[in-house]
Amino acid sequence: MPALARAFLIAATGGFLFSLPWPSLLAGTALVVAAALLALRAVWRWERTHVVMTDDQLALVRGTLRRRTAAVRLERVGAVEVDQSLVGRLLGYGTLIAGPLEITFVPQPRSVYGLVESRSP
């Protein structure tokens, strides 16, 4: 389950507990705070992820303190696919699969798909 969906469920549970009398009120508050931190972490990770495309490769760069890069040469990319759920189509994000590289939560994935397809041999 994606981190933001998990944070929403935790916040909903916390909100319900928050509406109950005293002992549950404390647990509800703790769950809402935990959900907010989980959502903040998910957004931070998403914000620190970049898709980089050069003339010969497609790369995924992640991280702030610890930087990780995964790349695939465009000549090795066979099929390029876009996978979008209904929510992804409504919100404008999806998963781009280019050979062995799978990039999740790509904004405007159809545009990125077009760029990769136009540069692939």
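The values are calculated or read from the model by the stated rules, or taken from the named source; none is laboratory data. Computed from a prediction, not measured in an experiment: that's the story for all the values here. Cβ: placed from backbone, ideal geometry, glycine included. Neighbour counts: every protein chain shown.
Since G63 meets every condition but one in (1) assigned by TED's automatic domain parsing to the domain that holds V112; (2) surrounded by 15 or more Cβ atoms within 10 Å (Cβ to Cβ); (3) not β-branched (V, I, T), which condition does it not meet?
(2)
Filter region 10-26 down to the residues that are surrounded by 14 or more Cβ atoms within 10 Å (Cβ to Cβ) and aliphatic (A, V, I, L, M), then identify the one that is modelled with the lowest pLDDT.
Ranking the qualifying residues of region 10-26, first place goes to L17.
Report every pair of residues separated by at least 6 positions or lying on different chains whose Cβ atoms are under 7 Å apart, first residue within region 88-103 and farther than 16 Å from L115 by Cα, second of a type in the set (D, E, K, R) and surrounded by 13 or more Cβ atoms within 10 Å (Cβ to Cβ).
none
Mind checking which residues of region 27-59 are exposed (fewer than 14 other Cβ atoms within 10 Å of the Cβ) and either closer than 28 Å to Q108 by Cβ or touching an Asp or Glu at 6+ places or on another chain (Cβ under 6 Å) (or both)?
Selection gives L40, R41, V43, W44, E47, R48, H50, V52, T54, D55, D56.
Using the structure shown, decide if A71 is aliphatic (A, V, I, L, M) and in a strand (DSSP E or B). Steps first, please.
Values: aliphatic (A, V, I, L, M): yes; in a strand (DSSP E or B): yes.
Against the criterion (aliphatic (A, V, I, L, M) and in a strand (DSSP E or B)), A71 qualifies.
Determine the pairs where a residue that is without any contact (Cβ under 8 Å) to a residue 24 or more places away in the chain, located within region 42-68, has a partner that is of a type in the set (D, E) with Cβ atoms under 8 Å apart, the partner being 6 or more residues away or on another chain.
Listed pairs, sorted by first residue: D56/E75.
May I ask you to verify whether R45 is under 24 Å from R6 (Cα atoms), at pLDDT 85 or above and in a helix (DSSP H, G or I)?
No: the conditions fail for R45.
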